[in-house]
Structure formats: structure tokens, C-alpha cells
1. So how much slack lies between V39 and S56, counting 0.36 nm per residue of separation and subtracting their Cα-Cα distance, in nm?
2. If I fit a long axis through the Cα atoms of helix 80-92 and take the longest principal axis of the Cα atoms of the chain, what angle between them do I get, 0 to 90°, rounded to 10?
3. Per the Debye formula with a single identical scatterer at each Cα and no solvent contribution, what log10 I(q)/I(0) holds for the chain at q = 0.11, 0.14 Å⁻¹?
4. Among the aspartates and glutamates, which fall within straight-line cross-link reach of K80, defined as a Cα-Cα distance under 17 Å, with same-chain neighbours fewer than 8 residues apart omitted?
5. Label points 7 Å out from Cα along the Cβ direction at E14 and L69: separation in nm?
6. Comparing S40, S56, S21, which has the greatest mean-square fluctuation in the GNM of the chain with Cα pairs linked when under 10 Å apart?
7. Using 0.36 nm times the number of residues separating I78 and H2, minus their current alpha carbon distance, what extension gain do you get?
Amino acid sequence: MHVTVLTPEKTLYEGEATVVSVPGSEGNFTILDRHAPLVSALSEGQVRIKTPDGNSVTYAVERGFVEVLHNKVALLVIPKEEQQSDSDTAADS
């Protein structure tokens, strides 16, 4: 399946994956190849992507959304580090 992980500023990941695990708002869940279509809100936690070569990529997220459609997974996220730096900037103002 094809996976894209986007933030408001940039693309964090784009490529193929065999497994994607996400922190859904009602609990963690895993997306496998040919998963049924879905849309879900994401809570704070870890997004884990397992690539076809067996490597794993992990992103800490504050919140976001995931959409699965036609064997494509799109994640729109606010990375945890980015959220902290935004609040640090607001505190400095």
C-alpha cells in the first residue's frame, strides 16, 4: 500500500508500506494491505510504518487524521516536536 505522512509544512514520508500502526482517538489500530476504507481522528502517540524491506519508521504525533482509500493511506498530522515549538514561540511573544 502507498503511504503519505503530511504536516502543515512538509511531507514526512511518502512510499510503500506493509503495515501502518496509528494512535486512533478511540485506541491504537493497525492498517494492513487492502484495508477497508476509513477516516479516523488521531490522538497523541506514535505512528509506526513498516516498509517492504523490513525497516520501520516512527513519528511522534500530537494529533491528526488518517484516511484509507483504494490501498492508499494518507496521514495529516501535527508532529509532537512541532507542537511544542509552537507553544514555546507563543510563550516568547
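1. On the way: separation 17, 0.36 × 17 = 6.12 nm, distance 2.31 nm.
Contour length minus the Cα-Cα distance gives 3.8 nm.
2. For helix 80-92, the angle is close to 10 degrees.
3. Rounded to two decimals, the profile gives -0.31, -0.48.
4. Partners found: E9, E44, E62, D88.
5. Calculated label separation equals 1.8 nm.
6. S56
7. On the way: separation 76, 0.36 × 76 = 27.36 nm, distance 2.02 nm.
Value of the extension gain: 25.3 nm.
Only the coordinates and a few stated rules stand behind these numbers; no lab work does. Everything numeric here is computed off the predicted structure, so don't read it as measured data. Ideal geometry is used to build each Cβ from the backbone, glycine not excepted, and the neighbour counts take in all protein chains shown.
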